[in-house]
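Novice: Let me give you the structure first, and then I'll get to my questions.
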Amino acid sequence: MVSEKLEMYQELATKIRAHCLRMTHRGMSGHLGSMLSMADMLAVLYTSILKVDPENPEWDERDRFVLSKGHGGAAVYAVLAEKGFFPMEWLNTYYLDDGKLSGHISHHVPGVEFSTGSLGHGLPVAVGMALAARNDGKQHRIFCLMSDGDCNEGSTWEALMFAAHHELDSLIVIVDYNRVQALGKMADVIEMEPFVPKLELFGWSVRSIDGHDCEQLEATLSEVPFEKGRPSWVLASTTKCKGVSWLEDTVGSHYGCVNDEELAAALAELGVSK
Amino acid sequence: MRSAFNEELLKIAKADDRIYMVLADIGYGEIEPFAEAFPDRFYNCGVAEQNMTGVACGLAMEGKIAVTYSIANFPTLRCLEQIRNDVCYHDQNVKIVIIGGGLAYGSLGVSHHSTEDIAIMRSLPDCVVVCPADIPEARAATYAMIEHEGAFYYRCGYKQEPDLHQGKIDFELGKAIEVCDGSDVTLIGTGTVTYRAWQAAELLAGEGIKARVISMHTVKPIDREAIVAAARETGAIVTVEEHNICGGLGGAVAEVIAESGMGIGFKMIALPDEYVHIVGTHEWLLDYYGFSPEGIAGSVVELLA
Ligand SMILES: Cc1ncc(C[n+]2csc(CCOP(=O)(O)OP(=O)(O)O)c2C)c(N)n1
């Protein structure tokens, strides 16, 4: 990959992280770790993968992007603002009284396809969208970004069996696989490993990648569907709260936001001025 | 009634290719004509009601009209959050159809009694709630359901219910149908049990009590006008519903009466606030719980005394 492009991704991912730090700091809200964990994949998706148009968010031929881990919605708001879907100032109102942006992702915001917040809702809806697209002979793809916790939900497994049965190959799941949930490490809650063979046995075409490596993200997401007649699953290993060293890979990062001092330190770590 | 529903849906689907049936391994002996006519618009999700509702919502988001369909509480309570967050909040064109409202599946037991559904479904913003009283209403309601844009709950009967209405009916969403007029009391029913309310009115006529009978097929949005007129003109209202006494038709009617400021005689004939664990057929259970024509008439007489 030309280093220019890689730099572009990294720059955008850093901006997303900085926005999320400021938004959660201002709103004194949680889920920072969930947001930072998917910053890199959002940067790649919204720069090179998703066919979307900020001028026309409801463009019929757009790729559909469903964030199933709705608690990380601020990161999507950040990338949408950076891409011009709505004014940057909206980010300053996140989580605040009479604000434009709610804690969990909302379809009342331009560029957001679907509201979530209760885990396990994204995939079934994405499956319905993929079914409609297939039957209507449409070319757009449906991306669903999920979390480990999402994969605990029975509804997710109902949907993934259905998608494989109906060979919905315009459907792409990306799991922000940070292995940290709300009350503990995935390994202590519900161990999903060995995850790849499980998914393969359920009929999906699976790739396991580093979810912070933008080069790998771009290469992998450019190759979907991985196989004709099978839905694609990208298991993107990440670190929860990636970029804020002292919070990385902690359950606590799911809840806390940073205080004034920590904000300054975190932004400095990211190489962003306050 | 369920056959009538399926027949009408099939007819409508022939003329409207937006209609999808998305169901959860239920419908044997009923849904085959649709499945055969429209294999690309018929999906059995397996026994997976949450996914059924999510898929229906995703289809609706792409311009389809998706009908979810199963029995009793499976397409409602089992996937209530999908109905609330996905379908209703996103204002999607999903039609939720249950076969066997109330105690229709009698002897099958509590898991198959749909007796809190009206209260729950009518509390969801933007969800229409309809319980047809007889087969002609069921047929008309199927058209109304498809014409209406948005979430819709259709509580369908399960067998060959008797006709409540004489002759043609004028079915309009949110508009109650008067079965017979009267000046002493109004019986407001919803769903197939309304027929028993009408039978009670016949008995009451024998005792010189003139009862108006109204089929409130649409519980939400409720026909406030018909309720207020009944209160004003007959001075007493009795609601009849095959549903828990909490929050169903009786509750909806009571809300209107209370807000109207008219202090009138009022009684709710409904199931007690308990699970129906005693065993019996639909008809037997209804009689047991006071829905026999004599039982209903007796309750009315008590109120008027
Ligand atoms: C149905 C449901 N139950 C519980 C919650 C509360 N909750 C929010 S996030 C979360 C788990 C967080 O871990 P994970 O899903 O792996 O997401 P991550 O933030 O690590 O990406 C839980 C339990 C919820 N949002 N939805």
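The values are calculated or read from the model by the stated rules, or taken from the named source; none is laboratory data. Since we're looking at a predicted model, the values are computed, not measured. Don't worry about glycine lacking a Cβ; one is built from the backbone with ideal geometry, like all the others, and counts go over all protein chains shown. All accessible areas refer to the heavy atoms of the entire protein, side chains included, with ligands and DNA or RNA removed. Shrake-Rupley method; radii C 1.70, N 1.55, O 1.52, S 1.80 Å.
Novice: If the requirement is being within 12 Å of another protein chain (Cβ to nearest Cβ), among the aliphatic types (A, V, I, L, M) and under 18 Å from the mean Cα position of the chain (by Cα), which of these qualifies: A:V109, A:V125?
Specialist: One residue alone meets the criteria, A:V125.
Novice: Now, a different point. Identify the residue in the stretch A:185-221 that is part of a loop (DSSP other than H, G, I, E, B) and open to solvent by 70 Å² or more (accessible area, probe 1.4 Å) and, among all such residues, is farthest from A:V2 (Cα to Cα).
Specialist: My answer is A:I190.
Novice: What about B:G27, is it away from every other protein chain (no Cβ under 14 Å), part of a loop (DSSP other than H, G, I, E, B) and at positive phi?
Specialist: So B:G27 fits the description; yes.
Novice: Further, regarding this structure: Among the residues of the stretch B:44-60, count how many are under 20 Å from B:L10 (Cα atoms) and facing another protein chain (nearest Cβ under 7 Å).
Specialist: Residues in the stretch B:44-60 being under 20 Å from B:L10 (Cα atoms) and facing another protein chain (nearest Cβ under 7 Å): 3 in total.
Novice: While we're here: Based on this model, can you work out whether B:G182 counts as outside any strand (DSSP E or B), closer than 23 Å to B:E8 by Cα, in the same structural domain as B:H282 (by TED's automatic domain parsing) and touching a strand residue (DSSP E or B) at 6+ places or on another chain (Cβ under 7 Å)?
Specialist: No; evaluated as a whole, the condition is false for this residue.
Novice: In the stretch A:21-38, what residues are within 12 Å of the ligand (Cβ to nearest atom) and either over 15 Å from A:I105 (Cα atoms) or surrounded by fewer than 24 Cβ atoms within 10 Å (Cβ to Cβ) (or both)?
Specialist: A:G30, A:G33, A:L36, A:S37
Novice: If you don't mind, there's one more thing I want to ask. Within the stretch B:248-295, track down each residue that is assigned to a helix (DSSP H, G or I) and either within 18 Å of B:A104 (Cβ to Cβ) or of a type in the set (F, W, Y) (or both).
Specialist: B:L249, B:H282, B:E283, B:W284, B:L285, B:L286, B:D287, B:Y288 - these are the residues of the stretch B:248-295 that are assigned to a helix (DSSP H, G or I) and either within 18 Å of B:A104 (Cβ to Cβ) or of a type in the set (F, W, Y) (or both).
Novice: Give the residues of the stretch B:17-35 that are within 15 Å of B:E147 (Cβ to Cβ) and either in contact with a helix residue (DSSP H, G or I) (Cβ under 6 Å, 6 or more places away or on another chain) or exposed (fewer than 13 other Cβ atoms within 10 Å of the Cβ) (or both), sorted by residue number.
Specialist: Within the stretch B:17-35, B:I19 is the sole residue that qualifies.
Novice: Let me ask something else. Identify all residues within the stretch B:233-246 that are open to solvent by 20 Å² or more (accessible area, probe 1.4 Å) and either in contact (Cβ under 8 Å) with a residue 60 or more places away in the chain or closer than 12 Å to B:G182 by Cα (or both); write none if there are none.
Specialist: Those that are open to solvent by 20 Å² or more (accessible area, probe 1.4 Å) and either in contact (Cβ under 8 Å) with a residue 60 or more places away in the chain or closer than 12 Å to B:G182 by Cα (or both): B:E233, B:G235, B:C246.
Novice: Another question, then. Please go through the stretch A:137-180 and pick out each residue that is outside any strand (DSSP E or B), within 14 Å of the ligand (Cβ to nearest atom) and farther than 25 Å from B:R78 by Cα.
Specialist: If the condition is that a residue be outside any strand (DSSP E or B), within 14 Å of the ligand (Cβ to nearest atom) and farther than 25 Å from B:R78 by Cα, then A:N178, A:R179 are the ones that fit.
Novice: OK, next. Counting only residues that are more than 23 Å from A:E11 (Cβ to Cβ) and open to solvent by 40 Å² or more (accessible area, probe 1.4 Å), which one in the stretch A:228-249 is farthest from the ligand (Cβ to nearest atom)?
Specialist: The qualifying residue farthest from the ligand (Cβ to nearest atom) is A:K228.
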